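The values are calculated or read from the model by the stated rules, or taken from the named source; none is laboratory data. In this text the structure is predicted, and so the values were computed from the model without any measurement. FYI the Cβ positions are ideal-geometry reconstructions off the backbone, even for glycines, and counts take in every protein chain you see. Heavy atoms of the whole protein, side chains included, go into the accessibility calculation; ligands, DNA and RNA do not. Shrake-Rupley method; radii C 1.70, N 1.55, O 1.52, S 1.80 Å.
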Amino acid sequence: MAVVTRFAPSPTGPLHLGHAFAAITAHDMARAAGGRFLLRIEDIDPQRSKPLWRAQLIEDLTWLGLTWDEAPLCQSDRRALYAAALDDLWSRGLLYPCRCSRRDIEQALGAPQEGVSLAEGPDGPVYPGRCRCRPEGPRPQDQHLRLNIAAAARETRFTETAPGLAGEIRTEAEDYPQSIGDIVLARKDFGTSYHLSVVLDDAAQGITHVTRGADLFEATRIHVLLQDLLALPRPVYHHHPLIRDAQGRRLAKRDDARALSKYRAEGAGPQDIRRMLGL
């Protein structure tokens, strides 16, 4: 099987050292195996995604010496595909509309007992099911859509290749409602979500190996479930360590002091970036 990897940044700010580590890891894995490396632009958020940042990330990746084997895929061009998947899940009774705001969810969860924390899932506090219902009629376009995780979940497996995470990890269906909850699969302002788009796009691009940060390890449980539900192939997942600052905090786009463009402006070269990252 030919190895196909991808790097999928969002054009919502400058790329930093953490992005460089993720992109180089995916690129070098493909090249070492004689495979293919692809670029995907995750621009489903129309408010935050900007052409300026897209042009900047292309420039940064090119400066790093990375090359991709076909034209970048843009999620904003694929909304019809996401809508078709949502229609399928809706027709099977696996989605329901939700009007809850963040405040509504906090109020529904209520104040936790002293010394007891609210259950946290991949997307934050586990949704309490306030709007859960059996869908009827056509799929609404003006509300969030949540996946009824209890109805959808079943026993599933996925394989890890990251050091310390090797082997088969078994997850049981009854664990999903408590540990994941009813996740949003379509936001009313996007018409999709990261979770839905990423599994559809990985399948469409023929991605065989997904390399990404360890912070997405729990989200992988959502993705393999969706792959089962939508009859999509399952890639091998490799979750690499995150790049952190001197205080141990994960780098973020708001921390533009570590933007690749600034290193470049200060005279650093691609090999300097690799050395900083231990690559």
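Quick notes
- A cut-off of 5 Å between modelled amide H atoms, ignoring neighbours fewer than 5 places along the same chain, links Leu242 with Ala214.
- When only alpha carbons are used to place a centre, the range 51-72 and the range 1-19 end up 10 Å from one another.
- Approximate spin-label separation Ser101-Arg274, in nm, with each point projected 7 Å along Cα-to-Cβ: 5.1 nm
- 5 angstrom amide H check on Gly121, placed H, neighbours 5+ away: Val126
- Computed lengthening from Asp175 to Ala55, 0.36 nm per intervening residue step minus Cα-Cα distance: 39.0 nm
- Accessible surface, the range 1-150, averaged per residue in Å² (probe 1.4 Å): 51 Å²
- Annotation: peptides 142-153, 83-94, ranked by per-residue average of other Cβ atoms within 10 Å with the highest first, follow the order 142-153, 83-94.
- Scoring 186-197, 41-52 by mean Cβ neighbours within 10 Å over their residues and listing the highest first yields 186-197, 41-52.
- Ordering Thr211, Thr62, Thr12 by accessible surface, largest first, gives Thr62, Thr12, Thr211; the 1.4 Å probe counts only protein heavy atoms, with every chain in place.
- Area of Arg130 that stays accessible when all protein chains are in place (1.4 Å probe, Å², to 10): 140 Å²
- Here the extension length gained between Arg79 and His240 equals 55.0 nm, from 0.36 nm per residue of separation less the Cα-Cα distance.
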